[in-house]
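The values are calculated or read from the model by the stated rules, or taken from the named source; none is laboratory data. Keep in mind the model is a prediction, meaning the values are calculated, not measured. Cβ placement follows ideal geometry from the backbone for every residue including glycine, while neighbour counts extend to all protein chains displayed.
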Amino acid sequence: MTDSKFNNIVLTLFISLLLAMSAWIANTVSNNQLMLIKQQVVIVQVQKDLMLFRSQLSTIRTEYVYEFDKRLTRLEDAAKK
């Protein structure tokens, strides 16, 4: 085999290795980006759930204060009689 053919084979193998490494790196980066997107979706969902929980808690608190105020008014009215 001549040196030229050997050099061409080595160069072809080297370029193939570089292409394979590039594809592997691109795949890894793509997978990491997908993972980040999934995590962001989960974070947004948790934030929505938290906002809903806060809203419900506020409503419950308002209803509780209203009921307490009604009972207190009844007790005060009963005490006046």
Task: Candidates Thr59, Thr2, Thr12 - the one that is exposed (fewer than 10 other Cβ atoms within 10 Å of the Cβ) and not acidic (Asp, Glu) - done: Thr2
Task: Selection from segment 25-75 of residues that are of a type in the set (Asp, Glu) and under 23 Å from the mean Cα position of the chain (by Cα) - done: Asp49
TODO: State yes or no: is Ala78 at pLDDT below 95 and either surrounded by 10 or more Cβ atoms within 10 Å (Cβ to Cβ) or in a helix (DSSP H, G or I) (or both)?
DONE: yes
TODO: Determine, yes or no, whether Asp69 is in a helix (DSSP H, G or I), modelled with pLDDT under 95 and exposed (fewer than 10 other Cβ atoms within 10 Å of the Cβ).
DONE: no
- [ ] Six or more apart or on different chains, Cβ under 6 Å: which pairs go from a residue in segment 9-32 that's at positive phi to one that's in a helix (DSSP H, G or I)? Could you list them?
- [x] none
Open item on the list: Six or more apart or on different chains, Cβ atoms under 6 Å: show the pairs whose first residue is in segment 47-65 and on the phi > 0 side of the Ramachandran plot and whose second is surrounded by 10 or more Cβ atoms within 10 Å (Cβ to Cβ) and in a helix (DSSP H, G or I).
Closed with: none
